[in-house]
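S.K.: This is the structure I want to talk about, given as structure tokens.
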Amino acid sequence: MKWILITTLLFLSACSQHTRPSLYQQLGGDAGISLITDALLNEIANDERIVHHFADTDIERFRRLLAEQLCQLTGGPCIYSGGTMQDSHKGFNITLANYDALVENLIKVMQRQNISISAQNQLLALLAPMYKDISYR
């Protein structure tokens, strides 16, 4: 009986040491988020469906804030220093089609970077609720 208890405790101890990596880690940490951010900006620049929304955007600032936001959302050590999604997107008249185009580009980027489907879905689930804050009303 004693050996069953010891075996069980050892098993539980081993299981607790193998925690699942955070989404931040699954995306590759700072380096992975930088790659995602840069590739997404490239996709946006080449997507005539949405590029006009970025015509007057300070791209370096946007890049920094997007990376911060992705880092924070995914459990990384960053703190997002930008404005609210509502304030940041006011007057842009973003439609569901615009949002879908951006998501499509993000998925394309993540697939090219061989990010697991599970990690992709986790990130998309975190981003999906933001549509209500950035959409045109």
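S.K.: Out of the residues in region 18-33 meeting the condition of being polar (S, T, N, Q) and surrounded by fewer than 16 Cβ atoms within 10 Å (Cβ to Cβ), tell me which one is farthest from Phe62 (Cα to Cα).
M.R.: My answer is Thr19.
S.K.: Suppose we keep only residues that are of a type in the set (Ser, Thr, Tyr) and either surrounded by fewer than 16 Cβ atoms within 10 Å (Cβ to Cβ) or at pLDDT below 95 (or both) within region 40-90. Which one would you say is farthest from Glu104 (Cα to Cα)?
M.R.: Residue satisfying both the conditions and the ranking: Ser81.
S.K.: Among (1) touching a residue at least 40 places away in the same chain (Cβ under 8 Å); (2) of a type in the set (Val, Ile, Thr); (3) closer than 24 Å to Gly32 by Cβ, which single condition is Thr57 missing?
M.R.: Only one criterion is unmet by Thr57, namely (1).
S.K.: State yes or no: is Glu48 of a type in the set (D, E, K, R), under 16 Å from the mean Cα position of the chain (by Cα) and under 22 Å from Ser135 (Cβ atoms)?
M.R.: no
S.K.: Checking the condition hydrophobic (A, V, I, L, M, F, W, C) and farther than 17 Å from Leu27 by Cα, which residue from Ile115, Ile107, Ile94 passes?
M.R.: Just one listed residue meets the conditions, Ile94.
S.K.: Follow-up. Would you please name the residue that is farthest from Asp47 (Cα to Cα), looking only at residues in region 102-114 that are in a helix (DSSP H, G or I) and without any contact (Cβ under 8 Å) to a residue 24 or more places away in the chain?
M.R.: Our first condition is that a residue be in a helix (DSSP H, G or I); within region 102-114, this holds for 102-112.
Next cut, without any contact (Cβ under 8 Å) to a residue 24 or more places away in the chain only: 104, 107, 111.
On the way: Glu104: 11, Ile107: 14, Gln111: 17 Å.
If we take residues in region 102-114 being in a helix (DSSP H, G or I) and without any contact (Cβ under 8 Å) to a residue 24 or more places away in the chain, then Gln111 is farthest from Asp47 (Cα to Cα).
S.K.: Do the conditions hold for Ala125, that is, is it surrounded by fewer than 16 Cβ atoms within 10 Å (Cβ to Cβ) and either of a type outside the set (Val, Ile, Thr) or over 22 Å from Ala45 (Cβ atoms) (or both)?
M.R.: So Ala125 passes the test.
S.K.: If you go through region 93-101 one residue at a time, do you hit one that is out of contact with any helix residue (DSSP H, G or I) (no Cβ under 9 Å at 6 or more places or on another chain), surrounded by fewer than 17 Cβ atoms within 10 Å (Cβ to Cβ) and either in contact (Cβ under 8 Å) with a residue 60 or more places away in the chain or on the phi > 0 side of the Ramachandran plot (or both)?
M.R.: Within region 93-101 (the criterion being out of contact with any helix residue (DSSP H, G or I) (no Cβ under 9 Å at 6 or more places or on another chain), surrounded by fewer than 17 Cβ atoms within 10 Å (Cβ to Cβ) and either in contact (Cβ under 8 Å) with a residue 60 or more places away in the chain or on the phi > 0 side of the Ramachandran plot (or both)), the answer is no, since none of the residues qualifies.
S.K.: Which condition from (1) under 12 Å from the mean Cα position of the chain (by Cα); (2) modelled with pLDDT under 95 is the one that Val103 breaks?
M.R.: (2) is the only condition that Val103 fails.
The values are calculated or read from the model by the stated rules, or taken from the named source; none is laboratory data. Everything quoted here is computed from the prediction, not taken from an experiment. Counting neighbours? That spans all protein chains shown, and the Cβs are built from the backbone with ideal geometry, glycine included.
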